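Single-structure report; data block below.
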Amino acid sequence: MRIDERNSFQRDKFTLAILNDPEDFKCTKGFDCGNADLNEFFQKDALAHKQQLLAETYLLQPRKATEEDLIVPVAFISFLNDAVLITREERKGSKIKFWKHPISFYKKNGFDFLLEDEPGDKETRIMFFDLKRYKNGS
């Protein structure tokens, strides 16, 4: 496994390194943390989540193993994309500024509506940004 300097972290005894290639994810196959759901995620779903730009998975292992180009997993961690919530509330005495029309700001910056016609408040809409579109340069 090639250690990506930009997306890794080394301390005294451990290295935290990102799993980039399908080959890197082979190290998850024999890992057992004692939780069947987590084992299944890391062994079967983590690579697909990376390919769909939904998550990044990292391996924690002894630094000595990294230096000897071995894979000795101690732990795995995945960071998943979720949501950014925007609320329109006034805060008196606060220096926080809220946009009057955040929807137009996000539309202008490439976000799309999840549903074209949502029931209820037209001032609050569910929007998303397709990361695959960004990655592919479209």
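The values are calculated or read from the model by the stated rules, or taken from the named source; none is laboratory data. The structure displayed is predicted, hence computed values, not measured ones. When we count neighbours, we look across all protein chains shown, and the Cβ atoms used for this are built from the backbone with ideal geometry, even at glycine.
Results for (1) aliphatic (A, V, I, L, M); (2) assigned by TED's automatic domain parsing to the domain that holds Phe129; (3) modelled with pLDDT under 80; (4) more than 30 Å from Ile126 (Cβ to Cβ), shown as yes or no for each residue.
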| position | (1), (2), (3), (4) |
| --- | --- |
| Thr15 | no, no, no, yes |
| Gln43 | no, no, no, yes |
| Tyr58 | no, no, no, no |
| Asp69 | no, no, yes, yes |
| Glu89 | no, yes, yes, no |
| Trp99 | no, yes, yes, no |
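Quick one: how many residues across the range 31-82 are among the acidic types (Asp, Glu) and touching a helix residue (DSSP H, G or I) at 6+ places or on another chain (Cβ under 7 Å)?
Final tally of qualifying residues: 2.
Quick check on the range 38-85: of everything there that is in a strand (DSSP E or B) and among the aliphatic types (A, V, I, L, M), which residue is surrounded by the most Cβ atoms within 10 Å (Cβ to Cβ)?
Among those residues, the one meeting the criterion is Leu59.
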I'd like the full set of residues that are without any contact (Cβ under 8 Å) to a residue 60 or more places away in the chain and more than 12 Å from the chain's Cα centre (by Cα), limited to the range 48-68. Ala48, Leu59, Leu60, Gln61, Pro62, Arg63, Lys64, Ala65, Glu67, Glu68
Within the range 109-126, does at least one residue satisfy the condition of being modelled with pLDDT of 65 or more, touching a Leu at 6+ places or on another chain (Cβ under 8 Å) and exposed (fewer than 13 other Cβ atoms within 10 Å of the Cβ)? yes
Pairs, please: C-beta under 8 Å, at least 6 apart or cross-chain, first residue surrounded by 12 or more Cβ atoms within 10 Å (Cβ to Cβ) and among the hydroxyl-bearing types (Ser, Thr, Tyr) and in the range 9-21, second assigned to a loop (DSSP other than H, G, I, E, B) and modelled with pLDDT under 90? Thr15/Ile3
